[in-house]
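Novice: The structure that follows is given in the form of structure tokens.
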Amino acid sequence: MKDVRLLDMPFDPAAAIDHFAADKGDAGGVASFVGKVRPTGGVEALELSHYAPLTLPGMEALADEALVRFDLMGLLIVHRSGLLYPGDPIVLVAAASRHRRDAISAVDFTMDHLKSDAWFWKREKRSDGWHWIEPREADYADIQRWQ
């Protein structure tokens with residue numbers, strides 16, 4: 001019912017979604033979100049690092065919470081770590097449910113938590129060097145609506 005992956009290599013979001021949806025024949029809807037490295041602001045690269053003993057277990061717990069909160073037939077979370085470049089996929093969240101609202105809400109819930117409450121450190125490389133990326137106020141506001 002859940003598939004949670006932490007990868008240090010590139011992945012193909014379309015293929016992952018197709019594989020996820022293939023055995024969800026009774027689903028009325030499959031919703032997904034793919035986050036990519038933005039090429040704006042002079043970003044040349046993005047590096048994501050994490051603390052292995054916490055990251056995957058934290059992602060698994062988040063998936064469990066989404067499965068309890070929403071009426072889902074399945075949930076897929078794929079997250080990259082390591083060095084990525086503009087256009088590279090960073091994260092994929094897909095949810096399948098009998099009705100679209102649960103699938104859409106589960107993806108939104110999961111992404112809000114990954115964005116603000118995650119176990120990753122992010123830094124961007126620009127022409128003047130590396131810069132750490134912190135969650136924005138809007139990210140914290142997004143997560144508050146799930147309290």
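The values are calculated or read from the model by the stated rules, or taken from the named source; none is laboratory data. Remember, it's a predicted structure, so these values are computed and weren't measured experimentally. Cβ: placed from backbone, ideal geometry, glycine included. Neighbour counts: every protein chain shown.
Novice: Kindly check whether there is at least one residue in segment 95-107 that is under 23 Å from PRO39 (Cα atoms) and either of a type in the set (A, V, I, L, M) or touching a residue at least 40 places away in the same chain (Cβ under 8 Å) (or both). Show your work before the answer.
Specialist: First, the residues of segment 95-107 that are under 23 Å from PRO39 (Cα atoms): none.
No, there is no match, as no residue in segment 95-107 is under 23 Å from PRO39 (Cα atoms) and either of a type in the set (A, V, I, L, M) or touching a residue at least 40 places away in the same chain (Cβ under 8 Å) (or both).
Novice: For ALA31, which of the numbered conditions (1) within 20 Å of GLU60 (Cβ to Cβ); (2) assigned to a strand (DSSP E or B) fails to hold?
Specialist: (1) is the only condition that ALA31 fails.
Novice: Checking GLU134 against (1) in contact with an Asp or Glu (Cβ under 8 Å, 6 or more places away or on another chain); (2) exposed (fewer than 14 other Cβ atoms within 10 Å of the Cβ); (3) charged (D, E, K, R); (4) at pLDDT below 90, only one condition comes out false. Which one?
Specialist: Against the list (1) in contact with an Asp or Glu (Cβ under 8 Å, 6 or more places away or on another chain); (2) exposed (fewer than 14 other Cβ atoms within 10 Å of the Cβ); (3) charged (D, E, K, R); (4) at pLDDT below 90, GLU134 comes up short only on (1).
Novice: Of all the residues that make up segment 38-69, how many are within 15 Å of LYS115 (Cα to Cα) and among the hydroxyl-bearing types (Ser, Thr, Tyr)?
Specialist: 2
Novice: Something else: Kindly indicate the residue of segment 1-28 that is within 16 Å of the chain's Cα centre (by Cα) and among the acidic types (Asp, Glu) and also surrounded by the most Cβ atoms within 10 Å (Cβ to Cβ) among those meeting that condition.
Specialist: Ranking the qualifying residues of segment 1-28, first place goes to ASP3.
Novice: If you don't mind, another one. Can you confirm whether segment 22-31 contains a residue that is modelled with pLDDT of 95 or more and not hydrophobic (A, V, I, L, M, F, W, C)?
Specialist: no
Novice: When segment 95-113 is examined, which residues are found to be over 25 Å from GLU137 (Cα atoms) and not acidic (Asp, Glu)? Step through it out loud before you land on a result.
Specialist: We begin by selecting, within segment 95-113, every residue over 25 Å from GLU137 (Cα atoms); these are 95-103.
ALA95, ALA96, SER97, ARG98, HIS99, ARG100, ARG101, ALA103, listed by residue number.
Novice: Moving on to the next point. Checking ARG69 against (1) closer than 24 Å to GLY28 by Cβ; (2) touching a Phe, Trp or Tyr at 6+ places or on another chain (Cβ under 9 Å); (3) in contact (Cβ under 8 Å) with a residue 40 or more places away in the chain; (4) buried (at least 16 other Cβ atoms within 10 Å of the Cβ): exactly one of these is not met. Which one?
Specialist: Only one criterion is unmet by ARG69, namely (4).
Novice: Could you figure out which of (1) under 14 Å from the mean Cα position of the chain (by Cα); (2) of a type in the set (A, V, I, L, M, F, W, C); (3) more than 20 Å from ASP112 (Cα to Cα) isn't true of ALA31?
Specialist: So the condition that ALA31 fails would be (3).
Novice: Now for a different question. Exactly one of these conditions fails for SER32: (1) without any contact (Cβ under 8 Å) to a residue 24 or more places away in the chain; (2) among the hydroxyl-bearing types (Ser, Thr, Tyr); (3) surrounded by 12 or more Cβ atoms within 10 Å (Cβ to Cβ). Give me its number.
Specialist: SER32 satisfies all of (1) without any contact (Cβ under 8 Å) to a residue 24 or more places away in the chain; (2) among the hydroxyl-bearing types (Ser, Thr, Tyr); (3) surrounded by 12 or more Cβ atoms within 10 Å (Cβ to Cβ) except (1).
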